[in-house]
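K.L.:
Following this message is one structure expressed as structure tokens.
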Amino acid sequence: MKPVWLNKKISLKGCAEMKQALRNLGVETVCEQARCPNIGECFSRKVATFLILGKNCTRSCSFCNIQKARPLPVDRDEPVRVAQAVGQLGLKHVVITSVTRDDLSDGGAEIFAQTIKLIKKKLPQVKIETLIPDFGLSLDALKIVVAAKPDIIAHNLETVPSLYKQVRQGADYQGSVNLLRMLKEISPQLKTKSGLMLGLGEKTEEVLAVMHDLRSVECDLLSIGQYLAPSKQHYSVKEYISLEQFDCYKEKGRELGFLHIQSAPYVRSSYLAAEYLS
């Protein structure tokens, strides 16, 4: 049974209006595809995280609700629609993420870059955060995204290394840590970010070890939240983390030197994203 602090309600009216606006704009959001529990709160504030490169993912992570299927060809007009949506929604801080596209030679890096550049051209005052897949650990792909000059590049480790085979199939823990290191080597001034889900069966010392690994590659920003299974077919919740434990992780993160850390049950990588730069 869920604890009492996991009782967030979804505003169906606010969701319906925002969903219709997004469909009219021809864009997709990870908020909808991943069944985020914060969707009502964010959509009521006209805030969304854009999902680019289609809706079909080439990976099969057991925690994720994104559809696993053969991807469709890349939509070259998508960056234009996303930039238009950012303007029409009046966003001041935008988060852009994508499905994993192992079928593409650059993993989709060029579409990320085009989207960033169009937003910067049309709306130079908007802060841009990209939440990227691993791009097959390609240094060239990372350079393409970094060259577009987003304000933050995020890449989520998601969980501790001992759970990767069960939870994050097709990914490599050390590879993802190295990806964050490479970003800093390409651009030392770039703000980097990562995210963790708790309640998957990890131990406290494992979480702390991951936090140390992130700081060892100079990761600046961190989000920590409670994993909630999107359905009974997904990886099951093993534990509900106490509010006190979330607070402990937040304090430890500050001690380790993260510039900003959010740690609470409903925290997600792009939830209240603008606060990481405040």
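Values quoted throughout were computed directly from the atomic coordinates according to the rules given, and no laboratory measurement underlies them. These numbers come from a predicted model, not from an experiment. Positions of Cβ are generated from backbone atoms using ideal geometry, with glycine treated the same way; all protein chains shown enter the neighbour counts.
K.L.:
Rank T115, T58, T100 by mean-square fluctuation in a GNM of the chain with C-alpha springs under 10 angstrom and give only the top-ranked residue.
P.N.:
Highest fluctuation among the options: T58.
K.L.:
Report the antiparallel proportion of the DSSP beta bridges in the chain as a percent, rounded to a multiple of 5.
P.N.:
Bridges in the chain that DSSP calls antiparallel: roughly 5 percent.
K.L.:
Same structure, new question: So what's the gap between the Cα centers of the range 112-147 and the range 69-93, to the nearest angstrom?
P.N.:
About 13 Å separates the Cα centre of the range 112-147 from the one of the range 69-93.
K.L.:
Relative contact order, percent, of the chain when contacts are C-alpha pairs under 8 Å separated by at least 6 residues?
P.N.:
The value is 15 percent.
K.L.:
Another question, if that's okay. Using θ = phi - 60° and the Karplus form 6.51 cos²θ - 1.76 cosθ + 1.60, what ³J(HN,Hα) does each residue of the range 260-266 get, whole Hz, x for Gly and Pro?
P.N.:
So the Karplus estimates, Gly and Pro as x, are 8, 9, 10, 9, 6, x, 8 Hz.
K.L.:
With an 8 Å Cα cut-off and a minimum separation of 6 or more residues, compute the relative contact order for the range 77-168 in percent.
P.N.:
31 percent.
K.L.:
Arrange the peptides 219-228, 68-77 so that the one whose residues have, on average, the most other Cβ atoms within 10 Å appears first. Write out the running numbers ahead of the final one.
P.N.:
On the way: 219-228: 23.8, 68-77: 11.8.
So the peptides 219-228, 68-77, ranked by packing, come out 219-228, 68-77.
K.L.:
So, one more: For K165 paired with A21, estimate the spin-label separation in nm (one decimal), with each label point 7 Å from Cα along the Cα-to-Cβ line.
P.N.:
Those two pseudo-labels are separated by 4.7 nm.
K.L.:
By what distance, in whole Å, do the Cα atoms of the chain stretch along each of the three principal axes, largest value first?
P.N.:
Cα spread of the chain along its principal axes, largest to smallest: 45, 45, 38 Å.
K.L.:
Pop out the ³J(HN,Hα) list for the range 223-228 in order, Karplus 6.51 cos²θ - 1.76 cosθ + 1.60 with θ = phi - 60°, rounded to Hz; leave Gly and Pro as x.
P.N.:
3J(HN,Hα) across the range 223-228, in whole Hz: 10, 10, x, 7, 6, 10.
K.L.:
Moving to a separate point now. Please give, to one decimal in nm, the separation of the simple spin-label points placed at L139 and Q125, each 7 Å out from Cα toward the Cβ.
P.N.:
Taking the simple label geometry, L139 and Q125 are separated by 4.0 nm.
K.L.:
Taking 0.36 nm per intervening residue step and subtracting the Cα-Cα distance, what contour gain separates E255 from E205 on full extension?
P.N.:
This chain segment gains 16.4 nm when fully extended.
K.L.:
Explain nothing, just compute: Karplus ³J(HN,Hα) = 6.51 cos²θ - 1.76 cosθ + 1.60, θ = phi - 60°, for every residue of the range 153-164 in order, whole Hz, x for Gly and Pro.
P.N.:
Once rounded to whole Hz, the list reads 10, 10, 8, 7, 6, 6, 8, 7, x, 5, 9, 4.
K.L.:
Shifting gears a bit: Between K68 and residues 5 or more places away or on another chain, which pairs have amide H atoms under 5 Å apart, with H built 1.01 Å from N, and which residues are they?
P.N.:
Under 5 Å from the amide H of K68: C57.
K.L.:
Right, another one. Report, in whole Å, the centroid distance computed from the Cα atoms of the range 198-276 and the range 1-68.
P.N.:
20 Å
K.L.:
Sticking with this one: Over the Cα atoms of the range 134-234, how large are the radius of gyration and the largest Cα-Cα distance (Dmax), in Å?
P.N.:
When restricted to Cα atoms, the range 134-234 yields Rg and Dmax of 14.0, 42 Å.
K.L.:
Related question: Hey, rough spin-label estimate for Q189 and S44, points 7 angstrom out along Cα→Cβ, what's it come to in nanometres?
P.N.:
For Q189 paired with S44, the spin-label model returns 4.0 nm.
K.L.:
Could you give the radius of gyration (one decimal) and Dmax (whole number) of the Cα atoms in the range 1-144, in Å?
P.N.:
15.7, 49
K.L.:
So for each of 46-53, 146-153 I average, over its residues, the number of other beta carbons within 10 Å; can you give me the resulting order with the highest mean first?
P.N.:
Ranked from most to least packed, the peptides come out as 46-53, 146-153.
K.L.:
Also: Which value, in debye to the nearest 20, describes the size of the charge dipole of the chain about its Cα centre when Lys and Arg Cβ atoms bear +1, Asp and Glu Cβ atoms bear -1, and nothing else is charged? If you can, show how the numbers build up before the last one.
P.N.:
Working: 38 positive and 30 negative charges, 185 e Å.
It works out to roughly 880 debye.
K.L.:
Now, a different point. Near G170, within a Cβ-to-Cβ distance under 11 Å, what is the net charge of the other residues, with Lys and Arg +1 and Asp and Glu -1?
P.N.:
+1
K.L.:
Using modelled backbone amide H atoms (1.01 Å from N, in-plane), which distant-in-sequence or interchain residues come within less than 5 Å of L198's amide H?
P.N.:
G225, Q226, Y227
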